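The values are calculated or read from the model by the stated rules, or taken from the named source; none is laboratory data. The shown structure was predicted, so the numbers you read here are calculated from the model rather than taken from an experiment. Heads up, the Cβs are rebuilt from the backbone with ideal geometry, glycines too, and the neighbour counts pull from every protein chain shown. All accessible areas refer to the heavy atoms of the entire protein, side chains included, with ligands and DNA or RNA removed. Shrake-Rupley method; radii C 1.70, N 1.55, O 1.52, S 1.80 Å.
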Amino acid sequence: MALLLRHSPKLRRAHAILGCERGTVVRHFSSSTCSSLRLPVAAVSSSNLHPEYAKKIGGSDFSHDRQSGKELQNFKVSPQEASRASNFMRASKYGMPITANGVVPSRCFSSGADLPPHQEIGMPSLSPTMTEGNIARWVKKEGDKVSPGEVLCEVETDKATVEMECMEEGYLAKIIHGDGAKEIKVGEIIAVTVEEEEDIGKFKDYKAPSSAESAAPAESKPQSEPTEPKREKEQPKAPEPKATKTEESFLSEDRTFSSPIARKLAEDNNVPLSSIKGTGPDGRILKADIEDYLASVAKGAKKETAAAPGLGYVDLPNTQIRKVTANRLLHSKQTIPHYYLTVDTRVDKLIKLRSELNPLQDTSGGKKISINDLVIKAAALALRNVPECNSSWMNDFIRQYHNVNINVAVQTEDGLFVPVIRDADKKGLATIADEVKQLAQRARDNSLKPEDYEGGTFTVSNLGGPFGIKQFCAIVNPPQSAILAIGSAEKRVIPGAEGQFEVGSFMSATLSCDHRVIDGAIGAEWMKAFKGYIENPTTMLL
């Protein structure tokens, strides 16, 4: 009942109803089309009902409750007053909450008497690896009316800039973090909406609680223990045996307590918990302790990286995508045992097939097929032949995927993006060429959506065509287990038939593998299959 009354702007005035022995909200089917609130007659009195609420009651009648044998009084409530309560269940005897379809339980209403009902909008988690985000710009301004599905603002995540849509109808009363706000933690309040337009002005000086203040008490509550009576201090304590050095080291090192969010933050930033002194109960490490440690490290790093006198320089701020890329690649090189396999593939037949297919694409109005599109198709088919390379290390098991989703590395001014071509083994070359060009353009425009880059099982990185790099070794993109690095094609003189020499075009390809998942022989088998498709490209069309 309390949940219903708090979420209904009209019914929340009837505070006295909660003190009744039994209360039931039912649907009243009649020509007046309104709902009813039933209460025991003995419980209804001038002292039990709020005066303002009693004035709004349109009428009442009596009915008999068969279960309790008591006479109940029905109060009629207009459909507007019960608009949020479309379907109700009978409450328990002592005021247990009533479930109501159409009520959003996560709605945040003010507990203070000076603020009207409102909803606090937090920074959403728009990708699995996102811990903080930036506000690129606000599409809606303070005072604007918002409806479900409308774009509120553009959020810069760790992967791309994503449009954040409104979930409920109302008015944007207050913007906490404006355009260009940086490093906003996931869940931190960024705006406030209200239901009534006249309530907008009441949030002019509204200030959201800081995430640090709300996180520390929340983390310490589960570990708090009831305080002991003071009289225990007066009792003489028996002398306790001093712990040996071995026991002290065990307690200090092996018994390190920390909150889950603190452990996650420490893991993401490669911070050893043993180097941090906790400020929570019993020395428990909290999120605030990790943040303080990172702040102190950052200050020390600034002092250490001070430029030499007379040396000119400029400090360029890192974008969110560059920060995340740096952390993920560092984690990959530190935790994944890489090994590399390189082959030179002759691509004369591949170049000839491309020259034959592109005139057909021009005639049909399709996108031209590039060498990289053919490489993606060949890699996808090789993964279908050798599914062990289409897998991920999951600590306790190896997960082998049925879908072959190829991520394609795209370099932009903001950093490296890896949009995904889903089910590349089942798509034609024309479809792959069209999707690659569309996704690459979205990446350069910083408009990729999460579904455009999530769910990849293998990555292809090509520095040959655009940059002329002969050969390089790429870093595995976790949780994937392999990445293919493509170099440029170059002409070489090779022995031909009957002692003659001929010129052929060769392209270098290097496969970086996670040795935990892909054994050397398995990686070599995949490279053999890939080379077969590249040197005999017509087999990709079968």
*For the range 118-202, with all protein chains present and a 1.4 Å probe, just round the carbon and sulfur fraction of the accessible area to a whole percent.*
44 percent
_FRET efficiency estimate (nearest 0.05) - Cβ-Cβ, THR129 to THR363, R0 45 angstrom_ = 0.55
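Under the 0.36 nm per residue contour assumption, what length would be gained going from the current alpha-carbon distance of GLU535 and GLU150 to full extension? Mind dumping the intermediate values first?
On the way: separation 385, 0.36 × 385 = 138.60 nm, distance 5.07 nm.
Stretched fully, the GLU535-GLU150 segment lengthens by 133.5 nm.
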*the range 118-202 - accessible surface per residue (Å², probe 1.4 Å)*: 43 Å²
*With every protein chain in place, the range 326-541: carbon and sulfur % of accessible area (1.4 Å)*: 52 percent
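Stokes-Einstein diffusion coefficient for the range 326-541 at 4 °C in a medium of 1.567 mPa s, Rh from the Kirkwood formula over Cα pairs: what value in µm²/s? Walk me through the numbers on the way to the answer.
On the way: Rh = 17.8 Å.
The diffusion coefficient I find is 73 µm²/s.
At a Förster radius of 25 Å, what calculated FRET efficiency corresponds to the Cβ-Cβ distance of GLU196 and ARG137, to the nearest 0.05? Mind dumping the intermediate values first?
Values: r = 27 Å, r/R0 = 1.07.
That pair, GLU196 with ARG137, gives E of 0.40.
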*Quick one: how many Å² of ARG384 are accessible to a 1.4 Å probe, rounded to 10?*
130 Å²
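Just check the range 118-202 against the gyration tensor rule for me: Cα atoms, a ≥ b ≥ c as the square roots of the eigenvalues, rounded for a/c under 1.5, and otherwise prolate or oblate depending on whether a/b exceeds b/c. Each step should come with its number before you reach the end.
Values: a/c = 2.06, a/b = 1.86, b/c = 1.11.
Note, shape of the range 118-202 comes out prolate.
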*Would you mind computing, in nm to one decimal, how far apart the modelled labels at ASP114 and LYS449 are, each placed 7 Å from Cα along Cα→Cβ?*
4.3 nm
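Rolling a 1.4 Å sphere over the protein heavy atoms, what is the accessible area per residue of the range 311-351, to the nearest Å²? Intermediate results must be reported in sequence, preceding the final value.
On the way: 2690 Å² over 41 residues.
Per-residue accessible area for the range 311-351 comes out at 66 Å².
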*Which value, in Å² rounded to 10, gives the accessible area of THR538 with a 1.4 Å probe and all protein chains present?*
90 Å²
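Where only protein heavy atoms count, and the probe is 1.4 Å, what is the accessible area per residue for the range 445-531 in Å²?
The answer is 45 Å² per residue.
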*If each of ASP179 and ASN269 carries a label point 7 Å out from its Cα toward its Cβ, how far apart are those two points in nm?*
3.1 nm
